[in-house]
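Data first, discussion second: the structure below is written as structure tokens.
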Amino acid sequence: KPPALPPSPLPMSKIANFIGDNAVQVDATGAEKALRASYPALLHAKETVELAFANRGGAGRDQHIFSSHRLLLVNVKGLGKRKNFLSVPYAKIQAFAIETAGSLDGDVELRLYQVGKHFPIQLDFAKAQVDIFAINDFFNRKIVARDAENRPALPRVHDIPLTTKKSGAVADIFNFLGDNAKQINAAAVQASLTSEPTPVLMQGETVELAFKSGRDTVLFTDKRLLRINVKGITGKRVEFLSVIWSSISGF
């Protein structure tokens with residue numbers, strides 16, 4: 001079920017979102033009707049628009065369309081007659097990342113990594129009008145869940161017991177300087193990532209191994225590799241990078 005449309009932003013927020021080119025959510029049904037009316041052959045007959053966003057706080061000309069089949073980016077150029085329609089099938093996305101807002105940020109971010117492309121597609125959204133974790137859930141269903149359904153079931157990794165042996169002060173210093181990760185309790189991490197304020201994991205997804213280095217965490221679940229990268233002084237800006245297992249060709 002698509003998230004409900006947020007209330008209209010305040011005037012200053014509209015100005016900031018316009019200058020920062022931050023997208024806001026718009027009515028998906030209305031966006032689909034407009035696309036079918038203007039470009040009858042653009043959408044597949046059985047394709048539906050599930051989420052839609054307009055850039056520059058809703059005052060821009062570009063659109064980010066999340067349909068049942070693909071990501072569709074509509075880029076209006078020049079005087080408006082020249083338009084670029086970029087279609088990215090969900091099956092060609094091998095990883096995605098969301099990033100929460102820092103203390104002074106007005107936007108949250110989505111990055112999509114395609115097969116054969118060196119640089120990700122990055123989309124910025126207004127943090128007060130867009131729930132970035134709802135977008136994460138959307139791509140969980142379109143990419144992570146679909147990947148798990150289309151590949152053979154992976155065997156459950158046998159638990160690696162947590163060591164109770166302390167490394168000592170000198171070793172701790174070298175581990176800190178070397179950015180060396182240590183294993184942490186997987187069940188505790190799983191519980192924290194399946195509920196507010198960071199509902200990143202899917203229901204029923206199991207964290208099999210978890211490792212922590214400083215403020216950052218790497219998780220091996222039964223559906224993906226998940227890297228949590230804490231940024232900035234306050235730590236409010238956090239990137240959650242999901243990589244589906246089928247996209248990893250070696251280790």
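The values are calculated or read from the model by the stated rules, or taken from the named source; none is laboratory data. On a predicted model such as this, the values are computed, not experimentally measured, just so you know. No Cβ is skipped: glycine too gets one built from the backbone with ideal geometry, and neighbour counts run over all protein chains shown. Heavy atoms of the whole protein, side chains included, go into the accessibility calculation; ligands, DNA and RNA do not. Shrake-Rupley method; radii C 1.70, N 1.55, O 1.52, S 1.80 Å.
General remarks:
- Here Lys33 and Asn84 are evaluated by their C-beta separation; at R0 = 25 Å the FRET efficiency comes out at 0.70.
- Using a cut-off of 21 Å between Cα atoms, the listed pairs Lys33/Lys83; Lys127/Lys231; Lys33/Lys117; Lys33/Lys81 include Lys33/Lys117 as exceeding that distance.
- Segment Ser68-Asp131, extension gain: residue separation times 0.36 nm, minus the distance between their alpha carbons: 20.8 nm
- Inter-part distance where the stretch 92-124 and the stretch 178-214 are each reduced to a Cα centre, Å: 21 Å
- Contour excess over end-to-end distance, with Cα ends at Val230 and Phe211 and 0.36 nm allotted per residue: 5.4 nm
- With the alpha-carbon atoms of the stretch 1-124 aligned to their principal axes, the span from lowest to highest coordinate is 41, 35, 33 Å, starting with the largest.
- Heavy-atom accessible area order for Arg215, Arg224, largest first, 1.4 Å probe: Arg215, Arg224
- For the chain, the fraction of C-alpha pairs more than 23 angstrom apart is 57%.
- Taking packing as the residue-averaged number of other Cβ atoms within 10 angstrom, the listed peptides 18-30, 114-126 run from highest to lowest as 18-30, 114-126.
- Restricting the calculation to alpha carbons of the stretch 42-111 gives Rg and Dmax of 14.0, 44 angstrom.
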